[in-house]
1. What's the number of the only condition in (1) part of a helix (DSSP H, G or I); (2) open to solvent by 30 Å² or more (accessible area, probe 1.4 Å); (3) more than 16 Å from ligand 1 (Cβ to nearest atom) that residue 248 fails to meet?
2. Anything in region 273-293 that is more than 16 Å from ligand 2 (Cβ to nearest atom) and modelled with pLDDT of 95 or more? List them, or say none.
3. What residue, among those in region 85-98 that are of a type in the set (D, E, K, R), open to solvent by 40 Å² or more (accessible area, probe 1.4 Å) and in a helix (DSSP H, G or I), is nearest to ligand 2 (Cβ to nearest atom)?
4. Please find, among 235, 206, 192, 226, the residue that is in a loop (DSSP other than H, G, I, E, B), open to solvent by less than 50 Å² (accessible area, probe 1.4 Å), farther than 23 Å from residue 278 by Cβ and more than 16 Å from ligand 1 (Cβ to nearest atom).
5. Among the candidates 101, 82, single out the residue that is within 16 Å of ligand 2 (Cβ to nearest atom), among the aliphatic types (A, V, I, L, M) and part of a loop (DSSP other than H, G, I, E, B).
6. Mind checking which residues of region 117-172 are open to solvent by 80 Å² or more (accessible area, probe 1.4 Å) and either touching a residue at least 12 places away in the same chain (Cβ under 8 Å) or within 30 Å of residue 215 (Cβ to Cβ) (or both)?
7. Scan region 261-282 for residues that are open to solvent by 10 Å² or more (accessible area, probe 1.4 Å), touching a residue at least 12 places away in the same chain (Cβ under 8 Å) and part of a loop (DSSP other than H, G, I, E, B) and jot them down.
8. Looking at region 104-117, which of its residues are modelled with pLDDT of 90 or more and either in a loop (DSSP other than H, G, I, E, B) or polar (S, T, N, Q) (or both)?
Amino acid sequence: MKMRITVLKGDGIGPEIVEQALKVLRTVCEAGSISLELDYQLLGGAAIDKTGIPLPEETVKSCQSSDAVLLGAVGGPRWDMLTSDIRPEKGLLGIRAELGLFANLRPARIFPALQESSPLKPRIIERGVDLLVVRELTGGIYFGRHGRESAEGELSGFDEMRYSEHEIERIARVAFDSASRRRKRVTCVDKANVLESSLLFRQTVARVAASEYPDIDLQNMYVDNAAMQLVQNPAKFDVIVTGNLFGDILSDEAAMLTGSIGMLPSASLRSSGFGLYEPVHGSAPDIAGKGIANPLATILSVALMLRHTFGLAAYAGAIEEAVERSLQVLRTPDLMPPEEHSLAGYIGEAFGARKTIERASTAQVGDYVAQTLRSALAG
Ligand code: IPM
Ligand code: MG
């Protein structure tokens, strides 16, 4: 077997976290005698610095001839003063659109070792968090007509939010198919009490459910209510299907429930097995280069890549297990409990024995996960 992957390290902490994820991917390839071909390309601020634009043609070409794309993160204050058409974020939206990646899967699951890191009260978090945000990624307000107009000497800015039936139908099917393999519950999140595009979204999702997925339990929820219920009772959610903007916001909220935004991976897919895999968090320019960024969301994105693009679910599961084990032993600072617990680190329960969890660097976490995985795959 052969894997051709385009690697887009991007900006900020992107390069450091991608490096760790590649250690894990190489470990899988060695264990499975898979030949790995990596093509490094530029995206975002890094591309602006070298070529003047956030999404060079060469990057698109490389992605198009790969099996999958691994992406770090883009953006940072260095490029914030640029006009909106050459900002780093334009590169990210551009690559999603160019590659037709309309379905963004963001699974938020609480690892048992991280229960105490969640900002929610134990009595809420004990009921568990295991939900999947299915976010529409190439339509809605992100891709509508944008602009500015001037009338009577005053500027106004506008962004059009539009969804057509075929866009809603295909994202609905991704959500229902995902739910069929999970707890069979889908919550359609929208603002149908105010927005016409939301009302069509809700009605179209309901039509697809009624005609193609009779055994799925479909519920509707307004986005403000969903934001509230996510912190009040996250255990009630299985799959959430929603548009581009609401999915962006709710997936950050869902990520934080699991202890740190540094834990959430994502897969951006189209109908074929091709996909782009990236952490949900951003480029965190404030901590870039310090060796303290949490690489686990990117490592978990590699697991999603193995599962969705390459059909290697067993390797994906092995990576997730290695991540869980690493959390019992060492963690980057974002996952360390507050200092008052202990000066040396946190004393937690691990494998039935009391154990100190060490504070570790980005590279130490990457090495530990790769090593744990290597042993597991050899054993
Ligand atoms: C995300 C990010 C992006 C988005 C930004 C960086 C354009 O927040 O992937 O969630 O809004 O989609
Ligand atoms: Mg976001």
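1. (3)
2. Residues of region 273-293 more than 16 Å from ligand 2 (Cβ to nearest atom): 273-275, 286-293.
Within region 273-293, 274, 275, 286, 287, 288, 289, 290, 291, 292, 293 qualify.
3. So, considering only residues that are of a type in the set (D, E, K, R), open to solvent by 40 Å² or more (accessible area, probe 1.4 Å) and in a helix (DSSP H, G or I), the one nearest to ligand 2 (Cβ to nearest atom) is 89.
4. The unique qualifying residue is 192.
5. Working: 82 fails: within 16 Å of ligand 2 (Cβ to nearest atom).
Going through 101, 82 in turn, the sole match is 101.
6. Result: 119, 126, 127, 145, 146, 159, 162, 165, 166.
7. 270, 271, 273, 274, 280, 281, 282
8. 104, 110, 111
The values are calculated or read from the model by the stated rules, or taken from the named source; none is laboratory data. Predicted model, so just to flag it, every value in this text is computed and none were measured. Here Cβ is always computed from backbone atoms with ideal geometry, including for glycine, and neighbour counts include all displayed protein chains. Note: areas computed on protein heavy atoms with side chains; ligands, DNA, RNA excluded. Shrake-Rupley method; radii C 1.70, N 1.55, O 1.52, S 1.80 Å.
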